[in-house]
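The values are calculated or read from the model by the stated rules, or taken from the named source; none is laboratory data. No experiment lies behind these values; they were computed from the predicted model shown. Neighbour counts are summed over all protein chains in view; Cβ atoms, including those assigned to glycine, are modelled from backbone coordinates with ideal geometry. Quick note on the areas: whole protein, heavy atoms, side chains included, nothing else; ligands and nucleic acids left out. Shrake-Rupley method; radii C 1.70, N 1.55, O 1.52, S 1.80 Å.
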Amino acid sequence: MLSSVPVRNAGVSLTLCCSLLVGATACGNDDAKETKASAPSESSSAEKQKFAKTRFVANAGLAAGATYQWIVKPWRAGKFKKGADGRKFALIKAGLAGAFTYNRLKAATKNAKGDPALSKAVAPLSEGIEKLKDLPSKLRKGDSTDSIVKDFDGIINSVKGAGKDAGAEVKDKVPSAGELGNG
């Protein structure tokens, strides 16, 4: 039979040890030297350009993957036609994918500004990307899906071509359904 005194002593000892451990880690030297050492360093303009190209490729790849997976592919399969099985769900997913694509393309054009070659290649596409803004809601409603899908596909192909011309080849990267909802 266990006595309650050793269990109580173990509980008190454990609590005391945890308090000392937390107290010891909470105390520290607040010198300015330590604060400066942990601050992130500024990146050079060459690093910013390199990262800009990488971020452009990532964002444009996600936009291209979402467009193909949830807009172009179902459209080619006839999922958007009236009376098709799962039409409503396909249109809702396409609308989400359209909003996601617009968001990622806007981020990609922002990233492109950090690289001179990309900036020149993508600049003429900004107007076309801006036109995609209202299309996701039209997709969800099922309005003139043929022209909407062609607009999305055309813009994606233009962005991919501009990236390739600037030395930043964009490959489709299909986002998960959860990523679509998070934008």
Send over the Kirkwood Rh of segment 81-152, from the inverse of the averaged 1/r over different Cα pairs, rounded to one decimal Å. 13.2 Å
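Where does each of 125, 139 land when they are ordered by accessible area, with a 1.4 Å probe and the largest first? Don't skip to the end; give the middle numbers.
Working: 125 30, 139 0 Å².
Heavy-atom accessible area, descending, gives 125, 139.
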Hey, can you grab everything whose amide H is under 5 Å from the amide H of residue 170? Only 5+ residues off in sequence or another chain; H modelled, so Pro and N-termini drop out. 164
Classified through the alpha carbon gyration tensor (a ≥ b ≥ c as square roots of its eigenvalues; rounded if a/c is under 1.5, else prolate when a/b is larger than b/c, else oblate), segment 59-122 comes out prolate
At 1.4 Å probe size, with no ligands or nucleic acids counted, give the accessible surface of residue 57 in Å², nearest ten. 40 Å²
Can you pull the accessible area of residue 127 for me, 1.4 Å probe, Å² to the nearest 10? 130 Å²
Debye calculation, C-alpha points only, no solvent: report log10 I(q)/I(0) for segment 124-177 at q = 0.15, 0.22 Å⁻¹, in the same order as the q values. -0.51, -0.93
Using label points projected 7 Å from each Cα along Cα→Cβ, tell me how many nm separate residue 177 and residue 73, to one decimal. 1.3 nm
For residue 113, the residues 5 or more places away or on another chain with a placed amide H closer than 5 Å to its own amide H are none
For segment 100-114, what does the Karplus curve 6.51 cos²θ - 1.76 cosθ + 1.60, with θ = phi - 60°, yield as ³J(HN,Hα) per residue in whole Hz, taken in order and with x for Gly and Pro? 4, 4, 4, 4, 5, 5, 5, 5, 5, 5, 5, 5, 4, 5, x
If you count only protein heavy atoms with a 1.4 Å probe, what accessible area per residue comes out for segment 56-133, rounded to a whole Å²? 49 Å²
